[in-house]
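Have a look at the structure below, then the notes.
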Amino acid sequence: MFLYKERVFIIGANASGKSNMLDAFRFLRDIAKEGGGLQEAVRIRGGISKIRCLFARKEPAIRIAVEVSENKSEQADWKYEIILKQSGGGIRDLRAEIVSEIVWKADKKILSRPLEGEENDPLQMQFTALEQASANKEFRALNEFFKQIEYQHIVPQLVREQIISSVSTNMEDSFGRSLLESISKINERTRKSYLLKIENALKIAIPRLSNLSLEKDEMGKPHLVSVYENWRPHGAKQNEQQFSDGTLRMIGLFWSMLVGKEPLLLEEPEISLNSEIVRRLPEIIALLQIRKKDKRQIILSTHSYDLLDNKGIMPDEIIIVKQESEGSKAYSAANVQEIKSGIMNGLSPAILALSHSNPEDIYNIANALK
């Protein structure tokens, strides 16, 4: 299944596997990034037993296979596949062991593990070639691509608290702990340009907001500051401590879409946002991608009817994750004729696609509580 579109909307019922689908990309990023690696990527997820499907039989292998294109073409420039199993137990620590690791450049296989002699050295099979500079020379571009994948699910309270000191330099900051710090590190000219763009967008959603800027206090700690116009001649100056949850989530969302060029994974970006703003998110993403020199692919999961109620969303931009008897299956809405023809004839993607992702007996949920 290709996720080759610049916008991808992943939909599905609760616990269907949407977050796991996003986490497959994060897992590869955690292997490739500095300070990461296979064992660390497995450890922070609680071990192999927490990664494999709950429907899996006893101690199965885990396979992740991805294809990467350097443009919007369906033709893959790179293919990467890794198969893992659990090793150890008893008095030995549980570890992830590589069963195989394969890399293709176009249609040419440039790596196939285990290499000669590795079958008899389990220690070597605990480290991927992807994470080792000495081993990934021929496909370092793939390593660079994976390690720059970004995941975001802003938690406003963490933005306000700025728990920077407790965040390891190798730890992913997905929830906004160091959002303000990262904004402050961008060169001043670019920062001001981006904040002005965000301010202009926020003014539409929050008409009395103006003058969004970043300032540092006497301790050198960065703060987002704006003015809310009221009866006072110069309005009321506020910082992130007084911003609403929705305002902080919008700032984090817009900032992440403006900065960077590698894939951006968004978990339910509609949370805390006004329904009309949510309706505009697909076109905001599309316009930013058109205007941005370094376009970044945005893959988001959502439950939102409002977000999907946008006739600019095409069937091949929607991935439906559906629970089946032994796990979940993901497929493109373009492969469902009813959805494809309905959208192409002007019907709402929300009505068509969400009906396919709902649990079969969802309409009886109220009766179950009697």
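Just so you know, all these numbers are worked out from the coordinates, no wet-lab data involved. These numbers come from a predicted model, not from an experiment. Cβ coordinates were reconstructed from backbone atoms using ideal geometry, including for glycine residues, and neighbour counts include every protein chain displayed.
Spacing of the modelled spin labels on V225 and K295, each 7 Å from Cα toward Cβ, amounts to 3.9 nm. The loop-placed GluC sites (Glu not before Pro) in region 263-370, going by DSSP, that have at most 12 neighbouring Cβ atoms within 10 Å of their Cβ come out as E326, E360.
Rounded to the nearest whole Hz, the Karplus-based 3J(HN,Hα) values (6.51 cos²θ - 1.76 cosθ + 1.60, θ = phi - 60°) of region 232-241 follow the sequence 6, x, 10, x, 10, 7, 9, 10, 4, 5, with x at glycine and proline.
Specify the angular offset, from 0 to 90 degrees and rounded to the nearest 10, of the alpha carbon long axis of helix 188-205 from the longest principal axis of the alpha carbons in the chain. The angle comes out near 70 degrees. Straightening the chain between V68 and H303 buys 81.9 nm, computed as 0.36 nm per residue apart minus the Cα-Cα spacing.
Restricting region 201-252 to GluC sites (Glu not before Pro) that sit in a DSSP loop and have at most 14 other Cβ atoms within 10 Å of their own Cβ leaves E218, E229. Hydrodynamic estimate: the Kirkwood radius of region 25-120 over Cα pairs, inserted into Stokes-Einstein at 4 °C and 1.567 mPa s, corresponds to D of 87 µm²/s.
Of the trypsin sites (Lys or Arg not before Pro) in region 109-213, the ones in a loop by DSSP (not H, G, I, E or B) with at most 12 other beta carbons within 10 Å are R208.
Working from Cα pairs under 8 Å separated by at least six residues, relative contact order for region 155-259 is 23 percent.
When the Debye formula is applied to the Cα atoms of region 280-349, each taken as the same point scatterer, what base-10 log of I(q)/I(0) results at q = 0.21 Å⁻¹? Reported log10 I(q)/I(0), two decimals: -1.00.
Divided by 2.2 N^0.38 Å, where N counts the residues, the Cα radius of gyration of region 92-229 comes to 1.57.
Summing +1 for each Lys or Arg and -1 for each Asp or Glu among the other residues whose beta-carbon sits under 11 angstrom from that of K261 gives +1. Note on K185: lysines with a C-alpha under 27 Å away, same-chain residues under 8 apart excluded, are K33, K147, K197, K203, K216, K221, K237, K261, K292, K293, K295. Given R0 = 45 Å, the distance between the Cβ atoms of K197 and E81 translates into a calculated FRET efficiency of 0.70. For C53, the shell of other residues with beta-carbons less than 12 Å away shows a net charge of +3, using +1 for Lys and Arg and -1 for Asp and Glu.
Note: region 24-78, Cα convex hull, 107 Å³ per residue. For region 155-259, dividing the convex hull volume of the Cα atoms by the residue count gives 108 Å³ per residue.
With loop defined by DSSP as not H, G, I, E or B, and exposure as at most 15 other Cβ atoms within 10 Å, which is the longest segment of the chain clear of exposed chymotrypsin sites (Phe, Trp or Tyr not before Pro)? It works out to 56-230. Estimated from the Cβ-Cβ distance and a Förster radius of 25 angstrom, the FRET efficiency linking E144 and L54 is about 0.15.
Dividing the summed helix terms, -39500 (n - 2.57) for each DSSP H run of n ≥ 4, by the number of residues in the chain produces a 222 nm estimate of -9000 deg cm²/dmol to the nearest 500. Inter-part distance, region 214-238 to region 97-127, computed on C-alpha centroids, equals 55 Å. Normalising the average separation of contacting C-alpha pairs (under 8 angstrom, six or more residues apart) by the number of residues puts the relative contact order of the chain at 19 percent.
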